[in-house]
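Working notes for the structure below.
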Amino acid sequence: MKIKYILLVTITLVLTACVDKALEAVVWTEIEADEEPPGTYHLLEEDGTKIFLPHDFTRYSVSKFQKVLDSVLDGQEYESEIKRINKLKDARGSFYIYFDDQSRSSLTVSTVEYMQIEQEEAQTLLGMIRSHLDYEALKKNIEIEKVTAKYSGDKTKYVFKSVYKLTDLETNTEWYNSSYIVTSNLKTVFIQLVTSFETDFDPYILKTIL
């Protein structure tokens, strides 16, 4: 079932607490409603998809991103995240990592098998995501709060979005997971943004070209 495969991709990095406080203010979090988001298009070579990201995001190889994880995670957490990254890398489709060193924000992109996500599938997917999040959070003593979840689109382009705030109750560390699934032109991509602050990334996602 395709929706189960999408779910596996969706949850893989959802508990990545590698974010830290921003080193300096990030311009891409301060977009006015009538402004064009500042950024650059990045080509996903495997299928020609183009994603639009803030200028501060840079493509990282898996090995380079492992070094980032190694600098912020210890022992079991590090090993767990490496396994999750490798699962994404080895899954069907292509996998890309982007990182903003200033805000310590990570963004991953997975191209997956085409799936026409309509309202019913979106509701099912949202429920499955929350169920798995609750299961994982219980094991890790993490509190989860849904910030928003919505589905929008028409016959030419669908966008599924969910944002959760996660709090490590032992360290009182907070971070946000913004997940998007974009479907158009018989292509589907999953984009996941992990930040230490709440942000509206929709203006960038809506500029995705499939």
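Bear in mind these aren't lab numbers, they're just calculated from the coordinates by the rules spelled out. Predicted, not measured: the structure shown is a model, and the values here were computed from it. Note that we place each Cβ from the backbone using ideal geometry, even for glycine, and neighbour counts take in every protein chain shown.
Straight-distance candidates among the lysines for linking to K67, with alpha-carbon spacing under 27 Å and chain neighbours fewer than 8 residues away dropped: K21, K50, K83, K87, K89, K139, K140, K165.
One decimal place: the segment D134-V72 gains 19.9 nm when fully extended, by the rule 0.36 nm per residue minus the C-alpha distance.
Each other residue within a Cβ distance under 9 Å of K146 adds +1 if Lys or Arg and -1 if Asp or Glu, for a net charge of +1. Dividing the mean sequence gap of close Cα pairs (under 8 Å, 6+ apart) by how many residues the range 141-210 holds gives a relative contact order of 24 percent.
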